[in-house]
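Participant: Before I ask anything, let me first share the structure, which is written out below as structure tokens.
The values are calculated or read from the model by the stated rules, or taken from the named source; none is laboratory data. Source: prediction; values computed, not measured. Heads up, the Cβs are rebuilt from the backbone with ideal geometry, glycines too, and the neighbour counts pull from every protein chain shown.
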Amino acid sequence: MGHQGARAMHSYDPAELERYLAAHVAGFTTLDSIDKFTDGQSNPTYRITSGTRAYVLRAKPPGNLLKSAHAVDREFRVMQALAATDVPVPQVFHLSDDESPMGPQFMVMEMVQGRIFWDPALPELDRAARTRVYDAMNATLAALHQVDPAATGLADYGKPGNYFARQRARWSGQYTQTATDPLPDADWLMAWLEDHMVADDGVASIVHGDFRIDNMIFAPDREEVVALLDWELSTLGHPLADLAYQCIHLRLPHSGHFQGQRRQWRWPFGSRRG
């Protein structure tokens, strides 16, 4: 283990990075290793060690990025704000400037020990333990949505107005900017969502934006969420969006990148031509 995992993604001078981390991260002395986590994140994430201590470094990817994408500064801000609440988040230690020894901006946070469940069907657990896992997820989501944004310094963390309309506009725009081949189903879905947009009811809370089981670390010896991760899509919005995103695992097939709990796939909106 060493520095190769990071150098394949980011170009940096190990000695410069070591000096920087020692100057800005409490308890950090020497950069003994830096290794990229193999499981996919839109923001490349590394385990770094200094002596007996381990940290997590999460950086924007290099290159030209879509506007507002890969926002490690927002991740840092929301986790720092939630540290004093009942929402389990890693302790954050440092946020670099836009230009850093890694190239783009990065943050350093606590390395939380525990279990990550990649399959939402939880085949490795018995029925009682699976129930406790989902109860813990629900409790974590409820704790997040009960946080007062103003009391935590996050009153300006999102834009006013219809969250669902903003989400449709954001993701449709990013799809349009990045699509290389025609995808008729995507075009149909964007039109369907616009035609069936719900009215804004004024309800708003802090939303995670990517609330799924593999974005949580559970305690090694019990079904308790000890860290909720991957906050780059978080904002102020409608709490039902997080709940719906969690429930989507009930509709997704039990295969592919986003594993769900359905054993046989069915188009979730009925007839696409209807």
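Participant: Is one or more of the residues making up the range 157-166 among the small types (G, A, S), buried (at least 17 other Cβ atoms within 10 Å of the Cβ) and closer than 17 Å to L240 by Cβ? Show your work before the answer.
Facilitator: Our first condition is that a residue be among the small types (G, A, S); within the range 157-166, this holds for 158, 161, 165.
Then drop every residue that is not buried (at least 17 other Cβ atoms within 10 Å of the Cβ), which leaves 158.
In the following step, the residues that additionally are closer than 17 Å to L240 by Cβ were identified as 158.
Looking for residues that are among the small types (G, A, S), buried (at least 17 other Cβ atoms within 10 Å of the Cβ) and closer than 17 Å to L240 by Cβ, one finds at least one in the range 157-166, hence yes.
Participant: Report whether or not E194 is closer than 30 Å to P123 by Cα and in contact with a helix residue (DSSP H, G or I) (Cβ under 9 Å, 6 or more places away or on another chain).
Facilitator: No: the conditions fail for E194.
Participant: Scan the range 116-131 residue by residue and report those that are farther than 23 Å from R251 by Cβ and surrounded by 17 or more Cβ atoms within 10 Å (Cβ to Cβ).
Facilitator: none
Participant: Taking the range 223-251 on its own, how many of its residues are without any contact (Cβ under 8 Å) to a residue 24 or more places away in the chain and either over 19 Å from the mean Cα position of the chain (by Cα) or assigned to a loop (DSSP other than H, G, I, E, B) (or both)?
Facilitator: 2
Participant: Inside the range 198-222, can you point out the residues that are more than 19 Å from the chain's Cα centre (by Cα) and either modelled with pLDDT under 95 or charged (D, E, K, R) (or both)?
Facilitator: V198, A199, D200, D201, G202, V203, A204, D221, R222
Participant: Still on this model: Do you know which of the residues in the range 1-36 that are modelled with pLDDT of 95 or more and part of a loop (DSSP other than H, G, I, E, B) is farthest from S96 (Cα to Cα)?
Facilitator: Here the residue is D32.
Participant: Separate question: Is at least one residue of the range 115-126 under 14 Å from W231 (Cβ atoms), part of a loop (DSSP other than H, G, I, E, B) and not assigned by TED's automatic domain parsing to the domain that holds D13?
Facilitator: Checking the range 115-126: not a single residue is under 14 Å from W231 (Cβ atoms), part of a loop (DSSP other than H, G, I, E, B) and not assigned by TED's automatic domain parsing to the domain that holds D13.
Participant: Looking for whichever is surrounded by fewer than 13 Cβ atoms within 10 Å (Cβ to Cβ) and either under 25 Å from F106 (Cβ atoms) or modelled with pLDDT under 90 (or both) here; the options are T178, T235. Which one fits? Full working, then the answer.
Facilitator: Details: T235 fails: surrounded by fewer than 13 Cβ atoms within 10 Å (Cβ to Cβ).
Sole residue among the options that is surrounded by fewer than 13 Cβ atoms within 10 Å (Cβ to Cβ) and either under 25 Å from F106 (Cβ atoms) or modelled with pLDDT under 90 (or both): T178.
Participant: Out of all the residues in the range 176-190, is one or more in contact with a helix residue (DSSP H, G or I) (Cβ under 8 Å, 6 or more places away or on another chain) and polar (S, T, N, Q)?
Facilitator: No, there is no match, as no residue in the range 176-190 is in contact with a helix residue (DSSP H, G or I) (Cβ under 8 Å, 6 or more places away or on another chain) and polar (S, T, N, Q).
Participant: Determine whether the range 169-179 contains at least one residue that is outside any loop (DSSP other than H, G, I, E, B) and touching an Asp or Glu at 6+ places or on another chain (Cβ under 7 Å).
Facilitator: There is no residue in the range 169-179 that is outside any loop (DSSP other than H, G, I, E, B) and touching an Asp or Glu at 6+ places or on another chain (Cβ under 7 Å).
Participant: A follow-up question, please. Given the condition touching a residue at least 24 places away in the same chain (Cβ under 8 Å) and of a type in the set (D, E), answer yes or no: does some residue in the range 87-109 qualify?
Facilitator: The answer is no; no qualifying residue exists.
Participant: Do any residues in the range 196-218 that are touching a residue at least 60 places away in the same chain (Cβ under 8 Å) have Cβ atoms under 8 Å from those of residues that are surrounded by fewer than 17 Cβ atoms within 10 Å (Cβ to Cβ) and among the small types (G, A, S), where the two are at least six apart or on different chains, and which pairs are they?
Facilitator: Pairs found: I217/G114; F218/G114.
Participant: Show the residue pairs meeting these rules: Cβ distance below 8 Å; 6+ apart or different chains; first residue within the range 60-81 and modelled with pLDDT under 95; second residue exposed (fewer than 13 other Cβ atoms within 10 Å of the Cβ).
Facilitator: If the second residue must be exposed (fewer than 13 other Cβ atoms within 10 Å of the Cβ), the pairs left are P62/S11; L66/Q177; L66/T178.
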